[in-house]
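Let me begin by presenting the structure, written as structure tokens, before commenting on it.
Values quoted throughout were computed directly from the atomic coordinates according to the rules given, and no laboratory measurement underlies them. On a predicted model such as this, the values are computed, not experimentally measured, just so you know. In this analysis, Cβ positions are derived from the backbone assuming ideal geometry, glycine residues included, and neighbour counts consider all displayed protein chains.
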Amino acid sequence: MIDRRGLLIAGAFGAVTAATAPLRALAEDAGKKPRTRIVFLGTKGGPRVGIGAANPANAVVVNGTPYVIDCGMGVSRQLVNAGIAIPSVKYIFISHHHSDHNLEYGNLVYNAWAAGLSTPVHSFGPKGLEAMTRTFWELNRFDVDTRIADEGRPDPRPLLIARDITDNGVVLKTEDVTVTAFRTPHPPITDNFAYKFETPDGTIVFSSDTAYNPKLAEFAKGADVLVHEVLYEPAVDRLVLKTKNGATLKKHLMDSHTTTDDVGRIAAAAGVKTLVLSHFVPGDDPAVTDADWTEGVKKHFSGRVVVARDLMELTLPV
């Protein structure tokens, strides 16, 4: 499949900054933005919406093109807060169909359209994404048809080109980036994919939500950056005590996520240069410190460890 740009759709970091204009300017070289950067849009795992960290979403920006990974609630606003124009989004990757990863998928594209989108957006995700895309447009048919007629906008429906991923392998290859999907378990979900981004400035791997999976270390072998989810068990115990409608919540969390110690084991086995902790489980416990997140990791991994924050940016190359 070829998009309008003629791109083939195939079957220690330099800086850590908050995404505010003054600080982002510090990461620029002679007034020029870095060629490749990661923007952490939402770092809290889970579907709960609060006043703290936003729900899961990330962006890799290469030569000005944003590649969005997951669309938790708030992704559109976080892109705006990060200074990324949402009509510039051309690629979206959904790791799995938990709501904290896909709830704003359709709305992100709609919001981009409302802000002036007129070029294609290619989306990739587990089986069901194509059906979800059709359903989203049907749900919003009245609004879309009305705005096309009243406001002279292009029809957005042909612009969103969704593709279901059914197995491991390269899912996108452009002149700048090659993206590879890798299935990793997130019980009870099996259609769940980690993503590897090979860029001109280095390789970035996003673990997705995942149970401890030694094979993920093989997938991330030698990566410049591994962005891995992380679970801190003492905080999970506190979460379970205050959750009234989650009788088996702890079992689910322990079965389907990776503890701090095991994240360290994965990073060490992969031999990555930088490990970034994100998608914190739980991500809204004010008693948890950066030291809590990193203590177990550092028992096994001696490389650089970064605790992500919403709107933090990391730039390549190393």
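Here are some notes:
- Charge tally in the Cβ shell below 15 Å around Pro47, where Lys, Arg are +1 and Asp, Glu are -1, Pro47 excluded: -4
- Fraction of the pair-distance distribution of region 229-268 above 13 Å, Cα-Cα pairs, percent: 52 percent
- J(HN,Hα) series, region 111-120, from Karplus relation 6.51 cos²θ - 1.76 cosθ + 1.60, nearest Hz, glycine and proline x: 5, 5, 4, 5, 8, x, 4, 9, 10, x
- Of all DSSP-defined beta bridges confined to the chain, some 60% are antiparallel rather than parallel.
- Between Glu218 and Ala291, the simple label model (points 7 Å from Cα in the Cβ direction) yields a spacing of 3.9 nm.
- Zero-based 10 Å bins, Cα pair distances in region 51-184, whole percents: 12, 44, 35, 9, 0
- Residue order, fewest to most beta carbons within 10 Å, for Ile148, Ile86, Ile51, Ile266: Ile51, Ile148, Ile86, Ile266
- Using the Cβ-Cβ distance between Asp143 and Ile189 with R0 set to 30 Å, the FRET efficiency from 1/(1 + (r/R0)^6) comes to roughly 0.45.
- Scaled radius of gyration (Cα, divided by 2.2 N^0.38 Å) that the chain gives: 0.96
- In the chain, helices alone account for a calculated mean residue ellipticity at 222 nm of -8000 deg cm²/dmol, with every DSSP H run of four or more residues adding -39,500 (n - 2.57).
- Tail beyond 20 Å, pair distance distribution of region 234-309 (Cα, percent): 34 percent
- Length-normalised contact order of region 194-299 in % [C-alpha pairs under 8 Å, at least 6 apart]: 34 percent
- Violating pairs (Cα-Cα greater than 24 angstrom) within the set Lys215/Lys298; Lys90/Lys215; Lys173/Lys221; Lys221/Lys251; Lys44/Lys298; Lys251/Lys273: Lys90/Lys215; Lys221/Lys251; Lys251/Lys273
- Computed over region 127-209, the P(r) tail beyond 23 angstrom holds 44 percent of alpha carbon pairs.
- Local electrostatic count, Pro234, Cβ distance below 10 Å [Lys/Arg +1, Asp/Glu -1]: -3
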